[in-house]
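Beneath this line is the structure, given in structure tokens, with notes to follow.
The values are calculated or read from the model by the stated rules, or taken from the named source; none is laboratory data. Just so it is clear, the structure is predicted and the values come from calculations on it, not from any experiment. Neighbour counts are summed over all protein chains in view; Cβ atoms, including those assigned to glycine, are modelled from backbone coordinates with ideal geometry. Areas reflect the complete protein model, heavy atoms only, side chains present, ligands, DNA and RNA absent. Shrake-Rupley method; radii C 1.70, N 1.55, O 1.52, S 1.80 Å.
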Amino acid sequence: MNSIKNEILHVAIIMDGNGRWANARALERLKGHAKGAERVRHIVRASLGLNVTHLTLFAFSTENWRRSEREVAGLMSLFRAYIISESAKLQLNDIKVLFIGDRTPLDPKLIFLMDELETLTKSNDALTLTIALNYGGRDEIIRATKQIVKKVKLGELIENDITPEVFSLHLDTGSLPNPDLIIRTSGEYRTSNFLPWQSVYSEYVFEKVNWPDFNNSIYEKTIKEFKSRNRRYGSAK
Ligand code: IPE
Ligand code: IPE
Ligand code: MG
């Protein structure tokens, strides 16, 4: 394990365009998702070599239940397959895995695999890989607010304790730094309920390519572009 910690670099990705990638090839949407899952494997590995310390991937939003039953079921079985096939490799590469989002409506077998992978990898520190599954920023903020209200009722917190820092700790991302760079593929210019609280000072890069075509060299180029930016955080520098 690494004792000298690198500077924090948190990259978050809205992996969009699997459906369009498949459509363009006259394939069914699920083929695009399968190709997208392959990309995840490559991008996780590439992150280790690019000094990325935290990688957060938007895999399924609270709004994605609006898709056909077949597509939702296909995505859920891809998530299961990903965990089963990648666990050992993730552990071997010292990668800590976390899941954010509301787990309660997920299949208990999937929840079991998620819990198991989090437990298996909890002491790893080469990279923190966070997978946003049934994640919605507004839903996360409401769940955090409910937890805080409960604590206030129990007398564990008082109104004046509620600062942005304390609020952050009640979000699913409580143990994570804010994302430095948020990438969205497929040429869409919106955030679709991804990390609204955490992203107030994130840098955005919108890439034209669909997620299955987002290769390591585009990834590298994106990080370079991010590094050339001047982050002022409201100051006059
Ligand atoms: C992203 O690709 C994957 C998920 C949202 C699960 P899409 O499925 O949204 O692909 P497009 O946007 O329809 O092309
Ligand atoms: C955002 O993509 C969610 C994920 C990438 C998991 P969507 O395809 O669901 O977003 P919209 O519907 O185009 O805004
Ligand atoms: Mg989409």
Less than 19 Å apart at the alpha-carbon level, and either on another chain or at least 8 residues along: which lysines does that give for residue 96?
5, 122
Please get the size of the charge dipole for the chain, origin at its Cα centre, with Cβ charges of +1 on Lys and Arg and -1 on Asp and Glu, quoted in debye to the nearest 20.
540
Taking only Cα atoms and a 10 Å spring cutoff, compute GNM fluctuations for the chain and point out the largest among 162, 13, 131.
162
Integer Hz, Karplus 6.51/-1.76/1.60 couplings in order for the stretch 102-118, x for Gly and Pro:
8, 7, 3, x, 7, 4, x, 5, 5, 4, 4, 5, 5, 4, 5, 5, 4
Give me the aspartates and glutamates in straight-line cross-link reach of residue 237: C-alpha distance below 17 Å, same-chain residues under 8 apart excluded.
203
Quick one: pull the percent of accessible area on the chain belonging to carbon and sulfur, 1.4 Å probe, ligands and nucleic acids left out.
54
Skip the ligands, DNA and RNA, and give the accessible area per residue of the chain with a 1.4 Å probe, whole Å².
54
Note to self: C-alpha centroids of the stretch 26-76 and the stretch 158-194 sit apart, in Å, by 20
Identify which of 212, 164, 179 has the largest mean-square fluctuation in a Gaussian network model of the chain, with springs joining Cα atoms closer than 10 Å.
164
Suppose accessible area is computed on protein heavy atoms with a 1.4 Å probe; arrange 232, 20, 103 from highest to lowest.
232, 20, 103
Helix-only mean residue ellipticity at 222 nm for the chain, each DSSP H run of n ≥ 4 adding -39500 (n - 2.57), per residue, nearest 500:
-14000 deg cm²/dmol
Under the Kirkwood approximation for Rh and a Cα-based Rg, what ratio Rg/Rh is obtained for the stretch 78-139?
0.97
Only loop residues by DSSP count here, and only those with at most 15 other Cβ atoms within 10 Å; note down the GluC sites (Glu not before Pro) in the stretch 38-96 that meet that.
63
Set Lys and Arg Cβ to +1 and Asp and Glu Cβ to -1, take the dipole of the chain about its Cα centre, and tell me which of 211, 87, 127 lies farthest positive.
211
Based on Cα positions only, what radius of gyration and what Dmax would you give for the stretch 1-123, in angstroms?
15.4, 49
Check which residues have an amide H placed less than 5 Å from residue 100's amide H, if you skip close sequence neighbours.
131, 132, 133
Rg(Cα) / (2.2 N^0.38 Å) computed for the stretch 38-94, rounded to two decimals
1.33
Any residue on another chain or 5+ positions along whose placed amide H is under 5 Å from the amide H of residue 178 is listed here as none
Connecting every pair of Cα atoms under 10 Å apart in the chain and solving the GNM, the largest mean-square fluctuation among 185, 119, 104 falls on 104
How large is ³J(HN,Hα) for each residue in the stretch 37-50, as worked out from phi by the Karplus curve 6.51 cos²θ - 1.76 cosθ + 1.60 (θ = phi - 60°), to whole Hz, x for Gly and Pro?
5, 4, 4, 4, 4, 5, 5, 4, 4, 4, 4, 4, x, 9
Quote the Stokes-Einstein diffusion coefficient, in whole µm² s⁻¹, for the chain, based on the Kirkwood radius over alpha carbon pairs, a temperature of 10 °C and a viscosity of 1.306 mPa s.
84
Going by average Cβ neighbours within 10 Å, how do the peptides 25-32, 48-55 rank, with the highest at the top?
48-55, 25-32
The correct pair for the stretch 101-234, radius of gyration to one decimal and Dmax as a whole number, both in Å and from Cα atoms, is 17.6, 52
In the full protein assembly as shown, how much of residue 148 is accessible to a 1.4 Å probe, in Å² to the nearest 10?
10
Read phi for every residue in the stretch 161-168 and hand back ³J(HN,Hα) as whole Hz from Karplus 6.51 cos²θ - 1.76 cosθ + 1.60, θ = phi - 60°, with x for Gly and Pro.
6, 7, 10, x, 5, 5, 4, 4
